[in-house]
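What follows is one structure encoded as structure tokens, with my remarks underneath.
Since every read-out is calculated from the coordinates, none of them should be taken as a lab result. Quick caveat: nothing in here was measured; it's all calculated off a predicted structure.
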Amino acid sequence: MKSPFKRSVLDLEIDRVVREMSKMDPNSEDYQKSANSLKTLCDAKAIKAKASVSPDTWVLVGANLIGIVAILNFERTGIVVSKAVNFVLKKGA
């Protein structure tokens, strides 16, 4: 979990733009430019949030890989034993 005190560069820049916009006239051209910048920053933040992989996903992938390795290991040793048992039973009969 991220620390609430450590903020990203995007968060800091969004805060700065909002502070500047609060001092501007909403009808001014500078306010419109700042609004466009704010929209761009928020879009970039949303894209960055979607790009990261959650820890739950990593746990799921790890568990699946462990299961696959366990199955492959069993098949490698289990098949040899089962064939050997069948061979011994046929030879003794």
- Item | Proximal aspartates and glutamates to residue 48, defined as alpha-carbon separation beneath 16 angstrom and excluding residues fewer than eight positions away on the same chain | 11, 13
- Here the gain from full extension of residue 22 to residue 63, 0.36 nm per residue of separation minus their alpha-carbon distance, amounts to 9.8 nm
- When the convex hull of the Cα atoms of the stretch 20-66 is projected onto a plane and the area is averaged over all directions, what value comes out in nm²? 4.1
